[in-house]
Amino acid sequence: MATGRAWVSASPLEVRALKAVRSAVPATVLALGVFTAVRGAGVLVLGLGAWWAGRDPIQVLGGSWDSGWYLGIAGHGYGRTLMWPGTGSVQSDYAFFPLYPVLIRAVSAVLPGGLMAAGLFVAWAAAAVAALGVYRVGERLAGARAGLLLVALWAALPHAVVLTLAYTESLLAALAAWALYALLRGRWLWAAGLAVLAGLTRPTGLAVAAAVCAVALHAVVVRGSRSPAVWTAGLLAPAGWAAYVLAVGMRVDDPLGGYFTVQRRWGSRFDFGVGALRSAERVLTGGHVPLATTVTVVLLAAAGLLAVLLVLDRTPPALLAYTGVLLLITFGGAGFFESKPRFLLPAFPLLLPVAAAMARARLRTSVVVTAGLAGLSCGYGLYLLLVARVPL
């Protein structure tokens, strides 16, 4: 990964202006400001759109799609099941991991506003923490300017509206970013602890544990490490994910396969990408598909290309393992095809090559490109929540 501080191609005036800003404002504050500006604009656009459409903006932000399941678990615990006659679909709330509902319940006991307000508070706070972690990873690997651009690009992704909904992507991204940063700094136990929490957040939290285990295995086998911290981290990291999967299995009298049965009844299973390829074929052959399906195909193709660039850029193994497992789960899973870009929101390392390249461009070019992407993200987020008829 390039490490230059990247004042190349910037005019002297641009360099002086950026240096003045950086000297007056701490880098982490600037990163958080960039993220808040982009996503704040998205919330404003969505709120105005919801008001114009006669819908409650808070309900749209805090009660759309899966948010209702998380709020239900936070308020009443597990045990809710919906059956859809004629479809074979049996939707159980055991499909949803427990950390986010636990945090919602804890916050609602302290702050006013009820469960929905607490859900949004947790999601927004986690998104802010995630932005700081994304910046730290980008800064360490490619310099401060690339770190800021990485945050801006991540906040401007087409599906980044999800980071401001009562969903778990922002919480997973926060835990993953800081776990990866801990690995880059050799803080094994911090990385393992965050991996345990990530494994209790959502199914793809397994990717964080995979990163810790992969780096620990490399340290033991290749470097011959005998550090107790390395061994402990490698063994502890998958514990959160494994504990919940086992707990659900025991609850449904199938300790090893019960959780996966729950997922199959939702329509989610691992089919090695067959379903994704069929959806892509419908788009490429001119079939009648929603806009969200076409955009999903484009974004998955872009993710594949960015993954190749990430490998070619000699990215640290921790980030490659984490991103690779996220891509494997997302591409290989069947069901809810239009949700796949949401599943990849925590895969921020994919944007590192783009951020590094933009850091070498002229400052005004980077600003214009980022602002344009942010505008598109705001508009597409409005479409996903208020217009599209596909599950998010």
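Couple of notes before you dig in:
- Complete set of residues in region 362-387 that are in contact (Cβ under 8 Å) with a residue 40 or more places away in the chain and buried (at least 17 other Cβ atoms within 10 Å of the Cβ): LEU363, SER366, THR370, LEU373, ALA374, SER377, CYS378, TYR380, GLY381, LEU382, LEU384, LEU385
- Being in contact with a Phe, Trp or Tyr (Cβ under 6 Å, 6 or more places away or on another chain) and of a type in the set (A, V, I, L, M) holds for only one residue in VAL102, VAL107, VAL45, and it is VAL107.
- Here SER89 passes the criteria (1) surrounded by 15 or more Cβ atoms within 10 Å (Cβ to Cβ); (2) closer than 26 Å to TRP266 by Cβ; (3) of a type in the set (Gly, Ala, Ser) except the one numbered (1).
- Filter pass, VAL325 being in a helix (DSSP H, G or I), in contact with a helix residue (DSSP H, G or I) (Cβ under 6 Å, 6 or more places away or on another chain) and farther than 28 Å from VAL43 by Cα: yes
- Residue ID - farthest from THR168 (Cα to Cα), chosen from residues in region 57-86 that are of a type in the set (S, T, N, Q) and surrounded by fewer than 17 Cβ atoms within 10 Å (Cβ to Cβ): THR81
- LEU350 under 21 Å from ALA152 (Cα atoms), in contact (Cβ under 8 Å) with a residue 24 or more places away in the chain and surrounded by 20 or more Cβ atoms within 10 Å (Cβ to Cβ): yes
- ARG314 meets all of the listed conditions (1) surrounded by 18 or more Cβ atoms within 10 Å (Cβ to Cβ); (2) not in a helix (DSSP H, G or I) but one, namely (1).
Read-outs throughout are calculated quantities, based only on the coordinates presented, and are distinct from any laboratory measurement. The structure presented is a predicted model; accordingly, all values stated were derived computationally and were not measured. Positions of Cβ are backbone-derived with ideal geometry, glycine not excepted, and every protein chain shown enters the neighbour counts.
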